[in-house]
Amino acid sequence: MDRELSDYNSYLLRVWQTSSEGNVAWRASLESPHTGERIGFADLDKLFAFLRQQTGAVDDSDEDGAA
């Protein structure tokens, strides 16, 4: 989702819990209602990093990116 920062963004947020060999993790996805584009995140830290980047709260160089 490379685009200019705007004053307003909207996403459909989905979060769910996964478990593998006793390890529990939260996964997430965001979907743009305007384009239908969906981005998946392997953990909540990656989701928050993406949102900080989208809102200009962090430099692009500090962003971990989606997984």
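The values are calculated or read from the model by the stated rules, or taken from the named source; none is laboratory data. Just so it is clear, the model here is predicted, and its values are computed rather than measured. Positions of Cβ are backbone-derived with ideal geometry, glycine not excepted, and every protein chain shown enters the neighbour counts. Quick note on the areas: whole protein, heavy atoms, side chains included, nothing else; ligands and nucleic acids left out. Shrake-Rupley method; radii C 1.70, N 1.55, O 1.52, S 1.80 Å.
Can we say Ala49 is open to solvent by less than 40 Å² (accessible area, probe 1.4 Å) and assigned to a strand (DSSP E or B)? Taking the combined requirement at face value, the residue does not satisfy it. Any residue at all in region 58-65 that is under 9 Å from the mean Cα position of the chain (by Cα), surrounded by 10 or more Cβ atoms within 10 Å (Cβ to Cβ) and at pLDDT below 90? The answer is yes, given that some residue of region 58-65 is under 9 Å from the mean Cα position of the chain (by Cα), surrounded by 10 or more Cβ atoms within 10 Å (Cβ to Cβ) and at pLDDT below 90.
Applying the criterion of being closer than 26 Å to Gln53 by Cα and among the aliphatic types (A, V, I, L, M) to the residues of region 16-33, the residue that is most open to solvent (accessible area, probe 1.4 Å) is Ala25. You will find that of Leu44, Leu13, Leu5, the residue that is at pLDDT below 90 and open to solvent by 50 Å² or more (accessible area, probe 1.4 Å) is Leu5 and no other.
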